[in-house]
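To start, the structure under review is shown below, and the notes come after it.
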C-alpha cells in the first residue's frame, strides 16, 4: 500500500506541474469542449440531479454544466468537505452566488442550503461529475489524496463521469482496493468507457 501511495504522489506532482503550464486560452477551449461532450451525453440528458465540484488549481471548469442544468430544471449540488473524517455533503445551489470560502480554501455551498440525501434523493437519476489530476482509461483516478470521492462512492454510487484534458488520461494509474472508478471519462476529444 505504501508503494502505491508513493507512486501516486509522484504522478500527482508531475501532472499538476504539467497542468499548470496550460495557457488560460487553451484551457478555456478544452473546458468548453468537455462541457459540450457531457451536455450531449445520454447520462446528462436523463439526469435529474447533477453533483458537481467547484473547479480549482486548473481543474476543468464545469460551471457551464451548472448553468445549463439549472436552466433546464435539473437540481444541482456541490460538496462541502468535512476535514475531520474526509467526507463530503453535497448541497443544492441555484446560482453562482450560493458559495462561500470553505475547507482547504475551496469555494463551497452555504451550509444552510438543502443537502442532497442519498437515501431520499438517490432514487432519482443522479449524475456525479468527478475531478482528478489524472485518469486512466478504466476510470481510475488520482486526485489530491484526500479520498473524499472514494468515501462518498463507498456510501452511494451514482452514475459518474470523470473529466480531464486528453493529455491527462493515461493507460494505467496505480490503484488500491478502496479506490473506486468512475463509469466514463470525458475529455475534449471524446468519451472513454470505464471498466
Legend entry - residue 70 paired with residue 115, simple spin-label distance in nm, labels 7 Å along Cα-to-beta-carbon: 2.2
Inset, instruction - Report, in deg cm²/dmol and to the nearest 500, the calculated mean residue ellipticity at 222 nm for the chain, where each DSSP H run with n ≥ 4 adds -39500 (n - 2.57) and the sum is divided by the residue count. - result: -9000 deg cm²/dmol
Legend entry - Order of 134, 49 - criterion: other Cβ atoms within 10 Å of each residue's Cβ, fewest first: 49, 134
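For Cα pairs less than 8 Å apart in space and 6+ apart in sequence, what is the mean separation divided by the residue count of region 154-195, i.e. the relative contact order in percent?
Details: 42 pairs, mean separation 18.0, N = 42.
Once normalised by length, the contact order is 43 percent.
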Legend entry - Simple spin-label estimate for residue 144 and residue 7 in nanometres, 7 Å along Cα-Cβ: 2.5
Inset, instruction - Quick one: check the C-alpha center-to-center distance for region 21-43 versus region 60-106, whole angstrom. - result: 18
Legend entry - Mean Cα-pair separation over length for region 2-193, i.e. relative contact order, pairs under 8 Å, 6 or more apart, %: 23
Inset, instruction - Take the alpha-carbon positions of region 123-195, form their convex hull, and give its projected area averaged over all directions (one quarter of the hull surface) in nm². - result: 4.8
Inset, instruction - Treat each spin label as a single point 7 Å out from the Cα along the C-beta direction, and report the residue 14 to residue 166 distance in nm. - result: 2.1
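All of the numbers you see were taken from the coordinates with simple rules; none came from a lab. What you see is a predicted model; the values in this text were computed from it and never measured. Using ideal geometry, Cβ is built from the backbone for each residue, glycine included, and neighbour counts are taken over all protein chains shown.
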